[in-house]
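Below: the structure, in structure tokens.
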Amino acid sequence: MPELWIRPAGHAGQVPGVRVHSANGKLDRAYAMKHRRSSNDASRRYHDRVARRYDGIYDDPYWEFHDRLTWQAIRPYLPSDTQAECCDLGCGTGKWGLKLLKSGLATTFVDHSAAMIEQTRAKLPALGAKARRATLLVADIVDLSAIEPNRFELVLAMGDPLSICTDPPRAAREMWRICKPGGIVIATADNKLAAFDYYMEKGDMEALESFLKTGKTRWLTADEGERFELTTFTPAELHRLFERSGFEVVKLTGKTILPVREFKHLLSDKSVFERLLRAEIDLAKDSTAAARAGHLEITARKRT
């Protein structure tokens, strides 16, 4: 299939391994230019800047705990057919898509940051022959027109790309479009109910009232030019978003329900780590427990 190569901002030449295909298989430069103009520039600038050290940011006992929970949620939905295709939306440096590849599944990696895609590409040689089943795509999840419809058995959108993107309803509709009938989407988002303390601590009633009304807040990176809007959801709002997009919601839970991040020193004891993990999994069986978690995780099936 013909390929279109996209340069990350500030880099000359082509980025090996970054492939952008139009839905009809023809080289589509107009799509690429449109994508670059319409993407969330501030978010892309931030993610481009941190791409090389991104893995290190999330290398601590809390994120090990968080990732064990995440894989526990994904694993039951891995396609049994090794010819099935999967997609990792907002893939970052490829954490979850690489696991899918290692499981023998063809995987398309999608991120709006070309620098993140480049970090993912650099990890592929370690997978040997399995790396041949990877496709890398620079795209915004609100516009996945480079991907044909009804393609993927499993679509992941971890790391809250639904909250980061500029149009969550459109992104959810795009997830529905690229997912096969009967296929599964697993996505995470920021929990609106977990953000109240921040506004109360500021003592800014106008900001609190605005947040309660819109669910919009901002990623407070040090560089104001890189700050971008985030959309938060209550569990009920996230449930409605997917139902209105044509999905049947299978499960909605939170991560983490226990305040593990505040007490991550406990995780240094492996036996405590495992006991807390079991407790977290048990708590997640009660869907109402998601209300106290920092992030929400939804599992949804495209209706046949």
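The values are calculated or read from the model by the stated rules, or taken from the named source; none is laboratory data. These figures come from a predicted structure and were not determined experimentally. Here the Cβ is made from the backbone with ideal geometry for all residues, glycine too, and neighbour counts use every protein chain on show.
Values for this structure:
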{"quantity": "Failed condition for D88, given (1) at pLDDT below 95; (2) part of a strand (DSSP E or B); (3) charged (D, E, K, R)", "calculated": "(1)"}
{"quantity": "Residue in region 293-300 that is in contact with a Gly (Cβ under 8 Å, 6 or more places away or on another chain), among the hydrophobic types (A, V, I, L, M, F, W, C), within 30 Å of S210 (Cβ to Cβ) and surrounded by 15 or more Cβ atoms within 10 Å (Cβ to Cβ) present", "calculated": "yes"}
{"quantity": "Single unsatisfied condition, S268 versus (1) surrounded by 12 or more Cβ atoms within 10 Å (Cβ to Cβ); (2) of a type in the set (S, T, Y); (3) touching a residue at least 24 places away in the same chain (Cβ under 8 Å)", "calculated": "(1)"}
{"quantity": "Answer residue from region 105-135, given it is part of a loop (DSSP other than H, G, I, E, B) and not hydroxyl-bearing (S, T, Y) and is surrounded by the most Cβ atoms within 10 Å (Cβ to Cβ) among those", "calculated": "H112"}
{"quantity": "Residues of region 91-104 that turn out to be in a loop (DSSP other than H, G, I, E, B) and touching a strand residue (DSSP E or B) at 6+ places or on another chain (Cβ under 7 Å), as a count", "calculated": "3"}
{"quantity": "Helices (runs of 4 or more DSSP H) wholly inside region 136-226 containing at least 1 residues that are on the phi < 0 side of the Ramachandran plot, among the small types (G, A, S) and surrounded by 20 or more Cβ atoms within 10 Å (Cβ to Cβ)", "calculated": "161-164, 168-178"}
{"quantity": "Selected residue (criterion: nearest to G294 (Cα to Cα)) from residues of region 195-232 that are among the aliphatic types (A, V, I, L, M) and under 23 Å from the mean Cα position of the chain (by Cα)", "calculated": "A195"}
{"quantity": "Selection within region 285-298 - acidic (D, E) and in a loop (DSSP other than H, G, I, E, B)", "calculated": "D286"}
{"quantity": "Which listed residue, of I281, I257, is buried (at least 18 other Cβ atoms within 10 Å of the Cβ) and among the aliphatic types (A, V, I, L, M)", "calculated": "I257"}
{"quantity": "Residue satisfying all of: in region 241-284; assigned to a helix (DSSP H, G or I) and of a type in the set (V, I, T); nearest to P61 (Cα to Cα) among these", "calculated": "V272"}
{"quantity": "Check on Q83, more than 12 Å from the chain's Cα centre (by Cα), part of a helix (DSSP H, G or I) and among the polar types (S, T, N, Q)", "calculated": "no"}
{"quantity": "Residue identified as touching a strand residue (DSSP E or B) at 6+ places or on another chain (Cβ under 6 Å) and more than 27 Å from A289 (Cα to Cα) among A139, A157, A189", "calculated": "A139"}
{"quantity": "Residue check, T299 within 18 Å of the chain's Cα centre (by Cα) and of a type in the set (S, T, Y)", "calculated": "yes"}
{"quantity": "Filter result (of a type outside the set (G, A, S) and free of Cβ contacts under 8 Å to residues at least 24 places away in the same chain) within region 170-209", "calculated": "F196, D197, Y198, Y199, M200, E201, K202, D204, M205, E206, L208, E209"}
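Results for (1) modelled with pLDDT under 50; (2) assigned to a helix (DSSP H, G or I), shown as yes or no for each residue.
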{"position": "P2", "(1), (2)": "yes, no"}
{"position": "P8", "(1), (2)": "yes, no"}
{"position": "G13", "(1), (2)": "yes, no"}
{"position": "L27", "(1), (2)": "yes, no"}
{"position": "R37", "(1), (2)": "yes, yes"}
{"position": "D48", "(1), (2)": "no, yes"}
{"position": "Y62", "(1), (2)": "no, yes"}
{"position": "D67", "(1), (2)": "no, yes"}
